[in-house]
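Undergrad: Next up is a structure, given as structure tokens.
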Amino acid sequence: MSKRLYDLISRVMNVPASSINDDEGPESIESWSSFKGYVLLYELETEFKVKFTIDEAMDVKKVADIKRHLSNHGVILND
Amino acid sequence: MIEKQLSYYINKATELDGQTFEKKIRVALLGSFTLNGLAEILQVKCAEKKIQCITYVGGYNQYNQEILDQDSNLYKFLPDISFLLIDSRTILGEIFHHPYSLSTEDRKRFIDKKIEEIQKLIEVFGKKTNSKLVITNFNIPTFSPYGIFETKTDYGLRRMINELNNKLSELAFTLDSVFVYDFNNFVIKHGEKNVFDYNQFLFGDIKVSLDHIPYLAHDLLSYVIGQLGISKKCIVIDLDNTLWGGIVGEDGFNGIKLGPEPPGNAYVEFQRVLLSLYQRGIILAINSKNNYEDAIKVIKEHPYMVLREEHFACLKINWNDKVSNMQEIANELNIGLDSIVFIDDDPVNREYMKVSLSPVLTLDLPQDPSQYASAIKNMNEFSVLNITTEDSKRGKMYTEQRKRNELEKSTPDLESFLKQLNLKILIKNANEFTIPRISQLTLKTNQFNLTTKRYQETDIKKFSQDQQYLVGCAQVEDRFGDNGITGVFIVRKENAKEWFIDTFLLSCRIMGREVEKGIFGHILNKAKANGVERIKAQFIPSQKNKPIEDFLPNCGFKKEGDYWVYSIKSQFVIPNCLTVRAE
């Protein structure tokens, strides 16, 4: 399931999936602009059929945060 | 129609460098909210149509300053089209939330003031640029603090926005270069709950949700198609399981599905949409593998057929290859393959057409016939910025053309055919009635076009008001009917002795009938009357204008360097099969 998440981030940010890990985020991925951050959240919602709260959306600083919030919505990501 | 996700477009837009394009357009986007992503989608969607779209995105909510400042980057960008997207929240400000903090009279005054502000922006914009301006109208919110009493309230919130939209439409109606994009209708079509997402709005000031920006871009692309004059002219359609359900050769006249009950009503509905397009000027033709007698009997006699023989400019009902039929249809109608949309229920036929004739737009028809009507309605490829009288008559004109072709086949030679046609050319000046059509012909005509110079209505208007120019058009009539305005000339008076033909073109529908010589004869008579000694012209070859290649030498022009020159002393006779009259 992590692969599914990394693939999605890779597609939205236009970076290789191999470069994605839980510590990556807007600080380390150059193409991760604030707008692309919104796009990512929206496409995550579509992909995993969840709806993030505004607090969750604002809390995303790295991939690990996304995993945590997805998990709160019942999405199980096995490594 | 399901759109791709926004990230696809954003990433694809970064890969467009090095792609080859056939056309170019400069698009400015100005708005009162975040427009991120819209430019990238337009670039990609344009590139899919071989159009290079160069975009300028104005600063966040800076549209007032950009328009009012004559030195702004907007004007330096020199846009061809500018989209101004303002949302209801911004235009109404606090009144959006608290409309009833104002009295009824104050609400009316407030709307009048807002329309005055927009009018001022339009006026300033019009003075500073030749760009078309497309303004979005305002969406009417479903929520009202008055709830169910809203509809009984004098000049309530919804009425206020309705009034603003009506006044905006009235304003644009009087201005050739200003258009209103019906954003309110966009919200109705997709649903307020889908277009506006509170989370995205509060988090990123995104007022059109990220999944709906591609749909908005799809609609805005219609203006690009209209501006560039690349809209489709003709629908070529299959019969079995497309225009009716079932196979007439197997199911028989009484066995096909067509009528008021489902599933036959899906085909009736589809035909109704096609008829509405025919009535606004889209040409219809048939390309079907069938026994002619079986199919024509349905077309002529079936009680529930909406489309009849007279609606089709060309009927290829035979057992020939569909690609060969398509080429023959294009030849007979004298239109480019890139003006044609092909509709067929069979995916194999569609794929064959896509591979064999890529300029034809092959529609991916849904499997379910109940969705056929929607598939056509969702297309933006028929978009035009103006529908002239000629456009609405076009379908009928092409049917008349079919009868002309039949006469031509039954006459022994071209000369006797032309004599029997009884061709009459009426030369008209450029005026408020003819200018839209003159501009349209310069934008759309490719084949019999000497210089392929494209002119917007504002350009034609300027030429027509300039004493240095002679601008005219030709209305052509024959025994089968009126072809409408189908010829254009723009002549620049270089000096007292020399005129220059800037533009000379004929619509493809009247090519091959010597009409060009009638029009040239008119220009020549005018030149003689003004004491002109030489008429100069230039043939600018394009990929498509080979049909006009010999026009100048055929009229007696002689080559001089890059130009062609006609000496007034030369002998030129208007063919006697033509009657030419000037208005």
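The values are calculated or read from the model by the stated rules, or taken from the named source; none is laboratory data. It should be emphasised that the depicted structure is a prediction, and the values quoted were computed from it without experimental measurement. Cβ coordinates were reconstructed from backbone atoms using ideal geometry, including for glycine residues, and neighbour counts include every protein chain displayed. Please note that ligands, DNA and RNA were not included when accessible areas were found on the heavy atoms of the full protein model with its side chains. Shrake-Rupley method; radii C 1.70, N 1.55, O 1.52, S 1.80 Å.
Undergrad: Where does the protein assembly as shown land on Rg(C-alpha)/(2.2 N^0.38 Å)?
TA: So the protein assembly as shown has a normalised radius of gyration of 1.11.
Undergrad: Continuing with this model, one more query. For chain B, just say rounded, prolate or oblate: build the C-alpha gyration tensor, square-root its eigenvalues into a ≥ b ≥ c, call rounded for a/c under 1.5, and beyond that prolate if a/b exceeds b/c, oblate if not.
TA: Note, shape of chain B comes out oblate.
Undergrad: Could I ask something else about it? Counting only residues 5 or more places away or on other chains, whose amide H sits under 5 Å from the amide H of B:D197 once H atoms are built in the peptide plane?
TA: When sequence neighbours closer than 5 places are left aside, the close amide H contacts are B:S209.
Undergrad: Rounded to a whole number, what % of the accessible area of chain B do carbon and sulfur atoms account for, probe 1.4 Å?
TA: Using a 1.4 Å probe with all protein chains present, chain B comes out at 48 percent carbon and sulfur.
Undergrad: At 1.4 Å probe size, with no ligands or nucleic acids counted, give the accessible surface of A:K61 in Å², nearest ten.
TA: 120
Undergrad: By DSSP, what percent of the beta bridges with both residues in chain B are antiparallel, rounded to the nearest 5?
TA: 40
Undergrad: Quick check: pseudo-label points 7 Å beyond the Cα along Cα→Cβ at B:E310 and A:S33, how many nm apart are they?
TA: 5.7
Undergrad: While we're here: I'd like the GluC sites (Glu not before Pro) in the stretch B:389-448 restricted to DSSP loop residues with at most 12 other Cβ atoms within 10 Å, sorted by number.
TA: When the GluC sites (Glu not before Pro) of the stretch B:389-448 are filtered for loop state and at most 12 Cβ neighbours within 10 Å, B:E432 remain.
Undergrad: So how far apart, in nm, are the two label points at B:F173 and B:E406 if each is 7 Å from Cα heading toward Cβ?
TA: It is 4.2 nm.
Undergrad: Same structure again: Only Cα pairs under 8 Å and at least 6 apart count here; give the relative contact order of chain A as a rounded whole percent.
TA: So the answer I get is 36 percent.
Undergrad: Rounded to the nearest whole Å², what accessible area per residue is found for the stretch B:389-504 with the 1.4 Å probe?
TA: Dividing the accessible area of the stretch B:389-504 by its residue count gives 42 Å².
Undergrad: With every protein chain present, what is the per residue accessible area of the stretch A:38-79 (1.4 Å probe, Å²)?
TA: 52
Undergrad: Okay, next question. What pairs from B:K4/B:K167; B:K354/B:K419; B:K354/B:K453; B:K444/B:K526; A:K3/B:K377 go past 32 Å between their alpha carbons?
TA: B:K4/B:K167; B:K354/B:K419; A:K3/B:K377, as the Cα separations exceed 32 Å there.
Undergrad: Got the relative contact order for the stretch B:335-431 handy, in percent, Cα pairs under 8 Å and 6 or more residues apart?
TA: 16
Undergrad: Relative to a virtual label point 7 Å from the Cα of B:I568 in the Cα→beta-carbon direction, which members of the stretch B:508-538 show backbone nitrogen distances below 18 Å?
TA: B:520-537
Undergrad: What FRET efficiency would be calculated for the residue pair A:D22, B:D112, taking the C-beta separation as r and a Förster radius of 51 Å, to the nearest 0.05?
TA: Efficiency, from the Cβ-Cβ distance: 0.35.
Undergrad: Could I ask something else about it? Could you work out the relative contact order of chain B, using alpha carbon pairs under 8 angstrom and six or more residues apart, expressed as a whole percent?
TA: With pairs under 8 Å counted, the relative contact order is 9 percent.
Undergrad: Something else now. How much length would be gained if the chain were fully extended between B:E123 and B:V57, taking 0.36 nm per residue of separation minus their Cα-Cα distance, in nm to one decimal?
TA: The B:E123-B:V57 span can extend by a further 21.7 nm.
Undergrad: Near B:L426, within a Cβ-to-Cβ distance under 13 Å, what is the net charge of the other residues, with Lys and Arg +1 and Asp and Glu -1?
TA: -1
Undergrad: What residues in the stretch A:51-69 lose 20 Å² or more of accessible surface when the other protein chains are added to their chain alone (1.4 Å probe)?
TA: Buried by 20 Å² or more upon assembly, which counts only protein chains, are A:K51, A:I54, A:A57, A:M58.
Undergrad: I want to verify the translational diffusion coefficient of the stretch B:14-101 in µm²/s; compute it with Stokes-Einstein, Rh as the Kirkwood radius over Cα pairs, at 4 °C and 1.567 mPa s.
TA: 89
Undergrad: Oh, and also: Leaving out ligands and nucleic acids, and using a 1.4 Å probe, what accessible area per residue does the stretch B:75-192 come to in Å²?
TA: Heavy-atom accessible area per residue stands at 50 Å².
Undergrad: Per residue in the stretch B:1-23, which ones lose no less than 30 Å² of accessible surface when going from chain alone to all protein chains (1.4 Å probe)?
TA: Residues of the stretch B:1-23 that lose at least 30 Å² of accessible area once the other chains are added: B:Q5, B:S7, B:I10, B:N11.
Undergrad: Between B:Y267, B:N241, B:I122, whose Cα lies farthest towards the positive end of the dipole of chain B when Lys and Arg beta carbons carry +1 and Asp and Glu beta carbons carry -1, centred on the Cα centre?
TA: Going by the Cα projections, it comes out as B:I122.
Undergrad: Tell me, in nm to one decimal, what length is gained between B:K453 and B:N429 on full extension, where the rule is 0.36 nm per residue of separation less the Cα-Cα distance?
TA: Extending this stretch completely gives an extra 6.7 nm.
Undergrad: Sticking with the crude label model, points 7 Å out along Cα→Cβ, report the distance from B:Q543 to B:K193 in nm, one decimal please.
TA: Reported label-point gap for B:Q543 and B:K193 is 4.7 nm.
Undergrad: Here's something else I'd like to know. Can you give the FRET efficiency for B:L414 and B:E351, using 1/(1 + (r/R0)^6), R0 = 30 Å, r = Cβ-Cβ distance, to the nearest 0.05?
TA: That gives a FRET efficiency of 0.15.
Undergrad: Right, something else. What FRET efficiency do you get for B:N320 and B:N576 if R0 is 51 Å and r is their Cβ-Cβ distance, rounded to the nearest 0.05?
TA: Once rounded, the FRET efficiency stands at 0.85.
Undergrad: Subtracting the Cα-Cα distance from 0.36 nm times the residue separation, let me have the gained length for B:K559 to B:N530 in nm, one decimal.
TA: Additional length available on full extension: 8.1 nm.
Undergrad: Next question, about the same structure. Enumerate by residue number the trypsin sites (Lys or Arg not before Pro) in the stretch B:137-200 meeting two conditions: DSSP loop (anything except H, G, I, E, B), and at most 11 other Cβ atoms within 10 Å of the site's Cβ.
TA: none
Undergrad: Now, a different point. Within 10 Å of each candidate Cβ there may be at most 15 other Cβ atoms; applying that plus a DSSP loop requirement, which trypsin sites (Lys or Arg not before Pro) in the stretch B:13-72 survive?
TA: Listed in order of number, the matching sites are B:K50.
Undergrad: Taking Cβ-Cβ under 4.7 Å as the only way to count a partner, pick out the unpartnered cysteines of chain B.
TA: By the Cβ distance rule, which asks for a partner under 4.7 Å, the isolated cysteines are B:C234, B:C314, B:C473, B:C508, B:C555, B:C577.
Undergrad: Report the one residue of B:V471, B:N530, B:V180 whose Cα lies farthest in the direction of the positive end of the charge dipole of chain B (charges on C-beta: Lys and Arg +1, Asp and Glu -1; origin at the Cα centre).
TA: About the Cα centre, the residue reaching furthest to the positive side is B:N530.
Undergrad: What quantity of accessible surface, computed with a 1.4 Å probe and excluding non-protein components, is buried in total between chains A and B, in Å² to the nearest 100?
TA: 1600
Undergrad: Using protein chains only (no ligands, no nucleic acids) and a 1.4 Å probe, work out which residues of the stretch B:180-216 have their accessible area cut by at least 10 Å² relative to the chain alone.
TA: Output list: B:D197, B:N199, B:Q200, B:L202, B:F203, B:G204, B:I206, B:L210, B:D211.
Undergrad: Report the charge-dipole magnitude of the stretch B:17-68 in Debye, nearest 20, computed about the Cα centre from +1 at each Lys and Arg Cβ and -1 at each Asp and Glu Cβ.
TA: The dipole magnitude comes to about 220 debye.
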